[in-house]
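Undergrad: One structure, pasted below without further comment.
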Amino acid sequence: MHLDPQTHQMTAIVLAGDRTKADSLINHTEAGSKAMIDMDGTPMVRRVLNSLRASRVIKRICMAGPEASEVATDTVLSQWIDAGEIDWSEPGKSPSTSAYQAMLELGPEEAVLLTTADHPLLTPEIVDAFGRQSLVDDVDVTVGLAPYALVAEAYPGIKKTVLHFSDGDFCGCNLFAFITPEGRRAARYWRKIEQQRKKPLVVIGLLGWWAVIRYRLGLLSLEEALTKLSKRLGLRMRAVILPYANAAIDVDSIADLILVKGALEKATAEDA
């Protein structure tokens, strides 16, 4: 099913709950939740929402989390929710549960773009590039990836989970699209592997031991891996390779927080 990205828009779901309140980032800052960590005067989740609101491919935004008490600490966020500009719901027990529950509330015809609150360098340009390519592809699910070389060049020394394939090394971008009703089945599958998201070999292992061997030997291509996963799930999956280093930058650690704040300060200085 090809959709015209010039006329068809998507519903964005932002996962803004906490995996645990014992998160080192929360303890390092004065915020009561990860999503509300201050980034140059703006809560991290609001930076993500600003990019989605400015995107041409997004027509509606749903946010799962943070808790109501945390939302109430930010006047702007509260106003957006009260005005119906953002649909808010309590977070689920895990990100995959939140995503699955949020999708259950949507009509089957709605194409979904899923991202996370810890993606403060996300821009409308990145959102539109990913969304438009996802709508053009004749698939059920897409996943955003960025070339590792691009990320490493922009952010030397950054620690990222890297997927090593025969046709290149890639980093995840916390951008997923569920284009068809069938594609949402992938969200259920995600719940099974969520705890292993930082362990590529475990995830590749779901494709079979031969795939693990080929991956370890550098013989498994990205396309082959997605083809195998598509067959296993009974879905059509494709990667959208994004030419933006910032697409792969999320805030998972104190080091990430320092890096992102530095990037924002640099951007502000260049704009001045």
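Undergrad: Using θ = phi - 60° and the Karplus relation 6.51 cos²θ - 1.76 cosθ + 1.60, list the HN-Hα couplings for segment 119-126 in order, rounded to whole Hz, with x at every Gly or Pro.
TA: These are the phi-based 3J(HN,Hα) values: 10, x, 9, 4, 10, x, 4, 5 Hz.
Undergrad: Any chance you could run the full-extension gain for Ala54 through His164? It's 0.36 nm times the residue separation minus the Cα-Cα distance, nm to one decimal. Please report the intermediate quantities before stating the final value.
TA: Numbers: separation 110, 0.36 × 110 = 39.60 nm, distance 3.36 nm.
That works out to 36.2 nm of additional length.
Undergrad: What is the antiparallel percent of DSSP beta bridges lying wholly in segment 10-271, to the nearest 5?
TA: Values: 14 of 33 bridges.
Within segment 10-271, antiparallel bridges account for around 40 percent of the total.
Undergrad: With 10 angstrom as the radius, rank Ile81, Ile254 by how many other C-beta atoms surround their C-beta, starting from the fewest. Let's see the in-between values first.
TA: Numbers: Ile81 17, Ile254 13.
Fewest to most other Cβ atoms nearby, the residues stand as Ile254, Ile81.
Undergrad: Once phi is turned into θ = phi - 60°, what whole-Hz ³J(HN,Hα) does the Karplus curve with 6.51, -1.76 and 1.60 give for every residue of segment 135-144, x standing for Gly and Pro?
TA: Once θ is set to phi - 60°, the couplings for segment 135-144 become 6, 6, 5, 8, 9, 9, 9, 10, 10, x Hz.
Undergrad: Add -39500 (n - 2.57) for each DSSP H run of 4 or more in the chain, then divide by its residues: what number comes out at 222 nm, to the nearest 500 deg cm²/dmol? Intermediate values should be presented prior to the final figure.
TA: Working: 12 runs with 111 residues, N = 272.
That comes out to -11500 deg cm²/dmol.
Undergrad: I've got another one for you. With Cα extents along the principal axes in Å in mind, check [x] 57, 45, 44; [y] 61, 42, 32; [z] 52, 43, 36 and report the label derived from this structure.
TA: Read-out from the structure maps to [z].
Undergrad: Right, another one. Just name one of Tyr244, Asn50, Ala263: the one whose Cα is farthest towards the positive end of the charge dipole of segment 10-271 (beta-carbon charges, Lys/Arg +1, Asp/Glu -1).
TA: Selected residue: Tyr244.
Undergrad: While we're on this one: Can you work out ³J(HN,Hα) from phi for every residue in segment 243-251, in order, using Karplus 6.51 cos²θ - 1.76 cosθ + 1.60 and θ = phi - 60°, giving whole Hz and x for Gly and Pro?
TA: x, 10, 4, 5, 5, 9, 9, 10, 10
Undergrad: Placing unit charges on C-beta atoms (Lys and Arg positive, Asp and Glu negative, everything else neutral), compute the dipole magnitude of segment 10-271 about its Cα centre in debye, rounded to 20.
TA: On the way: 30 positive and 34 negative charges, 252 e Å.
Value, rounded to 20: 1200 debye.
Undergrad: Now for a different question. Relative to the Cα centre, what is the charge dipole magnitude of segment 118-194, using +1 at the beta carbon of each Lys and Arg, -1 at the beta carbon of each Asp and Glu, and rounding to the nearest 20 debye? Write down the numbers at each step before the final one.
TA: Working: 8 positive and 11 negative charges, 88 e Å.
Result for segment 118-194 is approximately 420 debye, rounded to the nearest 20.
Undergrad: If you don't mind, another one. For Asp18, which sequence-distant residues (separation of 5 or more, or a different chain) have an amide H within less than 5 Å of its own amide H, given hydrogens modelled in the peptide plane?
TA: Here the answer is none, since no amide H 5 or more places off falls under 5 Å of that of Asp18.
Undergrad: Next up: For segment 10-271, with the dipole built from +1 on Lys and Arg beta-carbon atoms and -1 on Asp and Glu ones, taken about the Cα centre, which of Met103, Ala149, Leu217 lies farthest toward the positive end?
TA: Going by the charge dipole, the pick is Leu217.
Undergrad: I would also like to ask the following. Taking the Cβ of Leu207 as the centre, find all other residues whose Cβ is under 10 Å away and add up their charges (Lys, Arg: +1; Asp, Glu: -1). Walk me through the numbers before you get to the answer.
TA: Values: positive: Arg214, Lys228, Lys231, Arg232; negative: Glu224.
Local net charge: +3.
Undergrad: Using Cα-Cα distances under 8 Å and only pairs 6 or more residues apart, what relative contact order does the chain have, in percent?
TA: Numbers: 480 pairs, mean separation 62.0, N = 272.
Computed value for the chain: 23 percent relative contact order.
Undergrad: Another one. Using amide H atoms built in the peptide plane, which far-off residues or other-chain residues are under 5 Å from Asn174 H to H?
TA: Here the answer is none, since no amide H 5 or more places off falls under 5 Å of that of Asn174.
Here, each number is a calculation from the coordinates, and none is a lab measurement. Worth saying up front: this structure is predicted, and the values here are computed from it rather than measured. We place every Cβ from the backbone using ideal geometry, glycine too, and count neighbours over all the protein chains shown.
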